[in-house]
Amino acid sequence: MSQKQDILNHLKKHRKINGLDALKLYGCFRLPARILELKEEKHNIDANLITLKNGKKIAEYIYNDR
């Protein structure tokens, strides 16, 4: 299965994913590129910034099936 499909399945099941999870679970270093591909296929995915415990901010992508 491709990273793009793995990420879409993850989003459908868990509703959200961030770059750290994508790297750890699917070996995906370029989550924004995979998200862009999914958006181009008309999947409704939003992004929010979240703050980690160390104070750094990262993007979290949220799947909307509406």
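Here, each number is a calculation from the coordinates, and none is a lab measurement. Keep in mind the model is a prediction, meaning the values are calculated, not measured. No Cβ is skipped: glycine too gets one built from the backbone with ideal geometry, and neighbour counts run over all protein chains shown.
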Exercise for the section: Excluding residue 18 itself, calculate the net charge of residues whose Cβ lies under 11 Å from the Cβ of residue 18, where each Lys or Arg counts +1 and each Asp or Glu counts -1. Expected result: +1
Practice task
Sort 41, 60 so that the residue with the fewest other Cβ atoms within 10 Å of its own Cβ comes first and the one with the most comes last.
Solution key: 41, 60
Handout entry: Relative contact order of the chain, pairs being alpha-carbon contacts under 8 Å that are 6 or more residues apart, as %
Key = 34
Practice task
Per DSSP H run of n ≥ 4, the term is -39500 (n - 2.57); total these for the chain, divide by its residue number, and report the mean residue ellipticity at 222 nm rounded to 500 deg cm²/dmol.
Solution key: -13500 deg cm²/dmol
